[in-house]
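The values are calculated or read from the model by the stated rules, or taken from the named source; none is laboratory data. Quantities reported herein were computed from a predicted structural model and do not represent experimental measurements. Cβ atoms come from the backbone with ideal geometry, glycine included; neighbour counts cover every protein chain shown. Just the protein is used for accessible areas: all its heavy atoms, side chains included, with ligands, DNA and RNA removed. Shrake-Rupley method; radii C 1.70, N 1.55, O 1.52, S 1.80 Å.
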Amino acid sequence: MKAVKLTKLVQEMNLKNLTPEVDMEHVRITLPDINRPALQLTGYFEHFASERVQIIGYVEYTYLMHLNPEERKRSFENFVSKQIPCVIFTTMTEPDEDMLDMGRKYNVPILVTEKTTSNFMAEIIRWLNVQLAPCISIHGVLVDVYGEGVLIMGESGIGKSEAALELIKRGHRLVSDDVVEISKVSDVELVGTAPDITRHFIELRGIGIIVKTLFGVESVKNTQSIDLVIKLEEWSRDKEYDRLGLKEEYTEILGNKVVCHSLPIRPGRNLAVIVESAAVNHRQKKMGYNAAQELYNRVQANLAKKKED
């Protein structure tokens, strides 16, 4: 199970730690969901998601402040004693000393942010979803071509890195060569990145390793959504290939369907130009224009006209 260190969350969200005595190094967040305790502050703990990040907004804070000191202390102690990972106070609210003492007693970090509850919840859920997204590693090359994330796949030595190098020379950006780490950040979006050890490196057989310093920082990119998959394969005389592209083919990655084109490789084919054309064509289709469908409609209209004549 993937997990995020609480210290990383504190750093990324720019949170203020009010209980520095509590050790946060070993606290891990394993769920992207958050919880706003409401009934829990009144003593109802059935179905309490104690493993989630706990957020106390203005409403919960004012409820606690309306209780007398003893009731407030007892309510907060019952809450933090349930082995929760942390408590975050939002909207510039700050806990009193009794609440901080309860946090220290049960080793629960008490954190504060100046952001409003709604904005902070949206930000932390989005960030946790990315950090905890299901992830796999795939052999291939990921390139940003005209803003479209193109994942080039195929057997070793078929020319993936060479195609990527030509695309870089034509002004596009490399995300990852050889191994692509793909995360499912939502049901419709996959994001690819490079492993730390090979980031901004590309390998060419017979030449060696090439780094971003050869083409400049504008030639590389850290992450990119995956919009299109291109599978390179050896050309076979016995296989029929789709020449019009009327019917979309898909490949499945982490349960998400991605448009996939199979490109037969023959000597003399300029892969970079073909990949560029595929990316532009895919972009046009997303904008509502399908060149293959328009050609088909023209042919059908011409045939119908000849029949009438």
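Taking all protein chains together and a probe of 1.4 Å, list LYS231, LYS184, LYS306 from the most accessible to the least accessible. Spell out each step's value before the answer.
Values: LYS231 75, LYS184 50, LYS306 135 Å².
Most to least solvent-accessible, the answer reads LYS306, LYS231, LYS184.
Considering all projection directions equally, how large on average is the shadow of the alpha-carbon convex hull of the range 1-107, in square nanometres?
On the way: hull surface 26.6 nm².
Its average projected convex-hull area is 6.6 nm².
For CYS260, which sequence-distant residues (separation of 5 or more, or a different chain) have an amide H within less than 5 Å of its own amide H, given hydrogens modelled in the peptide plane?
Amide H neighbours of CYS260: VAL229, GLU249, TYR250, THR251.
Counting Lys and Arg as +1 and Asp and Glu as -1, each charge on the Cβ, what is the dipole of the chain about the Cα centre in debye, to the nearest 20?
Values: 39 positive and 44 negative charges, 215 e Å.
Here the size comes out at about 1040 debye.
Over the alpha-carbon set of the range 144-237, work out the extent along each principal axis and list the three values in angstrom, largest first.
Result for the range 144-237: principal-axis Cα extents of 41, 40, 25 Å.
Order 254-260, 45-51 from most to least packed using the mean count of other Cβ atoms within 10 Å. Walk me through the numbers before you get to the answer.
Values: 254-260: 14.6, 45-51: 12.3.
The most tightly packed comes first, giving 254-260, 45-51.
Packing-wise, with mean Cβ within 10 Å as the measure, how do 125-137, 106-118, 166-178 rank, highest first? Display every interim value, and only then the final one.
On the way: 125-137: 15.4, 106-118: 18.5, 166-178: 20.3.
So the peptides 125-137, 106-118, 166-178, ranked by packing, come out 166-178, 106-118, 125-137.
At 0.36 nm per residue, minus the direct Cα-Cα distance, what do ARG269 and THR7 gain on full extension? Give it in nm, one decimal, please. Show your work: numbers first, answer last.
Working: separation 262, 0.36 × 262 = 94.32 nm, distance 5.08 nm.
So the extension gain works out to 89.2 nm.
Rounded to a whole number of µm²/s, how large is the Stokes-Einstein D of the chain at 4 °C and 1.567 mPa s, given Rh as the Kirkwood radius over C-alpha pairs? Kindly include the intermediate steps, with their values, before the conclusion.
Details: Rh = 23.3 Å.
So the translational diffusion coefficient is about 55 µm²/s.
Below 25 Å, Cα to Cα, which lysines can LYS105 reach? Residues fewer than 8 away in the same chain don't count.
LYS5, LYS8, LYS16, LYS73, LYS82
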